[in-house]
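The values are calculated or read from the model by the stated rules, or taken from the named source; none is laboratory data. Everything quoted here is computed from the prediction, not taken from an experiment. A quick note on method: Cβ atoms are made from the backbone with ideal geometry, for glycine too, and the neighbour counts reach across all protein chains shown.
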Amino acid sequence: MKNRGIDFHDVSYTYEDASRPLLQAISCRFAAGWTGIVGANGCGKTTLLKLATGLLEPLAGRITGAGGAIYCEQRTDEVPPLLEELVRATDPEACEIRGNLQIGTDWPERWGVLSHGERKRCQIAVILWRNPDVLAVDEPTNHLDTEARWLLAGALSSFRGIGLLVSHDRELIDELCDRCLFLDPPDSNMRPGGYSDGVREAERERESLQRAHRGARVARKKLEREVSTRRREAARADARRSKRGLARKDRDGREKVGRARNTGKDAIAGKLSRQLEGRLRQTRDRQDRLRVKKEHAAGIRLPGGQSQRDALFRIEAGVLELGGGGRTLRLPELVMRPNDRIALTGPNGAGKSTLVRRIDGSLNLPEGRVTYIPQEIDRAAAHSILERARELSSALLGTTMNVVSRLGSRPHRILESLEPSPGETRKLLLAMGIAQEPHLIIMDEPTNHMDLISIECLEDALDECSCGLLLVSHDIRFLRRLTATRWQITRDKQAGDAFVLRESYRDG
């Protein structure tokens with residue numbers, strides 16, 4: 001199976017109650033090696049992975065060759081099946097995978113207190129140990145620190161089957177993938193190379209299409225002018241050839257018309273007019289075929305303002321229990337002022353999300369003035385967020401959905417969905433918060449689950465925002481642009497299972 005490939009033959013899929021297909025008439029082949037699946041949130045990337053691995057059946061078309069497949073989902077809510085078996089196994093493959101991804105033997109028992117980055121490594125370790133023919137991985141670098149990301153990339157590169165990869169990590173796609181399928185419903189295009197190669201090829205195709213479309217438009221306008229001229233000439237010729245209106249006794253006029261009919265000179269104008277109209281129809285058809293996809297407006301403005309308080313919050317110096325194994329995080333006094341832009345960094349499992357939840361729970365700002373986007377949103381919370389959005393007033397819903405649209409997702413797909421994707425859920429929660437004009441925005445791993453265009457739009461918006469920012473991220477480039485203060489968590493060298501937070505300014 002490993003070299004047979006997976007073939008999509010005119011595959012379409014529509015979710016129940018959706019007004020239009022999500023995937024439409026997709027035909028492509030997934031060969032051995034890694035294929036990147038690229039597109040905006042909500043365009044059907046996860047659905048395609050589930051179709052390829054047999055978790056969903058196409059509503060039209062067929063899929064061949066999809067046996068022995070495993071899908072690794074984005075969410076890290078549940079303990080992966082066989083994790084306990086993996087950590088106890090003594091075979092060489094299990095030992096190598098545990099070592100490569102640094103999986104702790106006590107992690108199954110400590111699942112509830114593991115960071116999402118540690119959980120993600122467990123997911124990947126289990127599926128690699130199972131050694132499937134087809135491996136579909138959905139956003140594998142979410143939550144991972146720099147070291148863990150390199151561990152993961154190395155582990156995935158060892159896979160020799162058919163790999164399908166959905167990721168917002170451009171570097172990972174470029175490293176692993178031999179080809180990329182670009183989804184932009186209703187279109188799909190398979191392009192050789194990684195993400196960067198595919199984007200360059202797509203840009204060349206778009207520019208060529210635009211030039212051809214402009215040429216067809218110019219030719220059409222020229223033909224339309226010529227057709228109009230020929231029609232007027234043909235009308236005059238018809239008038240000259242007609243005996244209507246001539247008196248029966250007007251023998252000279254009638255003989256003149258008869259001679260014109262016999263020579264056929266005036267008929268030439270009508271024939272040329274008909275020929276030009278045929279060419280015009282062909283040119284219009286060609287212009288219609290050269291359809292240039294509409295580019296939706298992107299980019300948002302965050303209308304947050306600065307609080308008039310001296311401080312947004314204060315956390316006294318002390319020690320946070322991180323849960324399990326006696327791990328702790330030692331804190332100095334933490335103060336955030338209204339215009340502070342703070343980056344919170346540290347390795348997986350060092351307590352970043354625990355600290356953020358502590359901060360969020362201690363806030364005493366006016367209702368609606370805090371926008372908090374957690375690191376992960378489970379299915380139940382995602383459903384709740386969607387229902388809250390549907391219950392908004394028309395004006396507020398319009399504002400919210402405009403933000404969602406300008407972050408690259410189509411609002412109607414979200415509102416019609418039974419379960420929005422993790423990326424769409426984050427956009428929806430952020431948009432609802434923006435409408436409240438926050439004094440403080442807290443985002444735990446803000447680029448997780450976001451498509452690439454959305455990340456760039458979000459970065460631009462946060463850069464111009466006047467309210468306080470507290471951002472937890474492993475994306476150093478993102479943080480360097482947006483923050484001036486760093487709260488960095490490192491391992492306490494004097495205590496093996498303890499971490500300590502230190503503050504620095506103007507991260508360089």
For this session: Read through the list (1) in the same structural domain as residue 28 (by TED's automatic domain parsing); (2) under 20 Å from the mean Cα position of the chain (by Cα), then give the number of the only condition that residue 199 fails.
Result: (1)
For this session: Please verify whether segment 420-433 includes one or more residues that are of a type outside the set (Phe, Trp, Tyr) and either surrounded by fewer than 18 Cβ atoms within 10 Å (Cβ to Cβ) or outside the structural domain of residue 346 (by TED's automatic domain parsing) (or both).
Result: no
Problem set entry | Test: residue in segment 452-465 that is in the same structural domain as residue 348 (by TED's automatic domain parsing), over 25 Å from residue 484 (Cα atoms) and either crowded, with 18+ Cβ neighbours inside 10 Å or over 20 Å from the mean Cα position of the chain (by Cα) (or both) | no
Exercise. When only residues in segment 18-32 that are touching a Pro at 6+ places or on another chain (Cβ under 8 Å) and at negative phi count, which is surrounded by the fewest Cβ atoms within 10 Å (Cβ to Cβ)?
Worked result: 21
Problem set entry | Pairs where the first residue, in segment 401-422, is closer than 22 Å to residue 460 by Cβ and assigned to a loop (DSSP other than H, G, I, E, B) and the second is of a type in the set (Asp, Glu) and at pLDDT below 80, C-beta under 8 Å, 6+ apart | 408/451
For this session: Among the candidates 355, 363, single out the residue that is at pLDDT 90 or above, within 19 Å of residue 440 (Cβ to Cβ) and surrounded by fewer than 17 Cβ atoms within 10 Å (Cβ to Cβ).
Result: 363
For this session: Please find, among 392, 386, the residue that is in a loop (DSSP other than H, G, I, E, B), touching a Ser or Thr at 6+ places or on another chain (Cβ under 9 Å), surrounded by fewer than 23 Cβ atoms within 10 Å (Cβ to Cβ) and at pLDDT 85 or above.
Result: 392
Exercise. Looking at segment 120-187, what strands (runs of 3 or more DSSP E) fall wholly within it and have at least 1 residues that are surrounded by fewer than 22 Cβ atoms within 10 Å (Cβ to Cβ), among the charged types (D, E, K, R) and touching a residue at least 60 places away in the same chain (Cβ under 8 Å)?
Worked result: 177-184
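So that you can scan it fast, the table gives a plain yes or no per residue for (1) within 17 Å of residue 184 (Cβ to Cβ); (2) in contact with a Pro (Cβ under 7 Å, 6 or more places away or on another chain); (3) not β-branched (Val, Ile, Thr):
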{"residue": "392", "(1), (2), (3)": "no, no, yes"}
{"residue": "395", "(1), (2), (3)": "no, no, yes"}
{"residue": "399", "(1), (2), (3)": "no, no, no"}
{"residue": "404", "(1), (2), (3)": "no, yes, no"}
{"residue": "407", "(1), (2), (3)": "yes, no, yes"}
{"residue": "412", "(1), (2), (3)": "yes, no, yes"}
{"residue": "416", "(1), (2), (3)": "no, no, yes"}
{"residue": "428", "(1), (2), (3)": "no, yes, yes"}
{"residue": "431", "(1), (2), (3)": "no, no, yes"}
For this session: With respect to residue 255, determine if the residue is assigned to a helix (DSSP H, G or I) and at pLDDT 75 or above.
Result: no
Exercise. When you scan segment 81-119, how many residues do you find that are small (Gly, Ala, Ser), under 23 Å from residue 153 (Cβ atoms) and surrounded by fewer than 17 Cβ atoms within 10 Å (Cβ to Cβ)?
Worked result: 2
Seminar exercise, completed: Screening 396, 386, 392, 363 for residues that are more than 21 Å from residue 413 (Cα to Cα) and not β-branched (Val, Ile, Thr) leaves only 363
Exercise. So, of the residues in segment 91-119 that are in a helix (DSSP H, G or I) and among the small types (Gly, Ala, Ser), which turns out to be modelled with the highest pLDDT?
Worked result: 94
Problem set entry | Set 46, 76, 35: member being touching a residue at least 40 places away in the same chain (Cβ under 8 Å), hydroxyl-bearing (Ser, Thr, Tyr), in a helix (DSSP H, G or I) and surrounded by 19 or more Cβ atoms within 10 Å (Cβ to Cβ) | 46
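Residues checked against (1) in a helix (DSSP H, G or I); (2) more than 23 Å from residue 343 (Cα to Cα); (3) in contact with a Ser or Thr (Cβ under 6 Å, 6 or more places away or on another chain):
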| site | (1), (2), (3) |
| --- | --- |
| 437 | no, no, no |
| 448 | no, no, no |
| 455 | yes, no, yes |
| 461 | yes, no, no |
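To keep it simple, each residue is scored yes or no on (1) more than 18 Å from residue 447 (Cα to Cα); (2) touching a His at 6+ places or on another chain (Cβ under 9 Å).
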{"position": "98", "(1), (2)": "yes, no"}
{"position": "104", "(1), (2)": "yes, no"}
{"position": "120", "(1), (2)": "no, yes"}
{"position": "126", "(1), (2)": "yes, no"}
{"position": "136", "(1), (2)": "yes, no"}
{"position": "148", "(1), (2)": "no, yes"}
{"position": "159", "(1), (2)": "yes, no"}
{"position": "170", "(1), (2)": "no, no"}
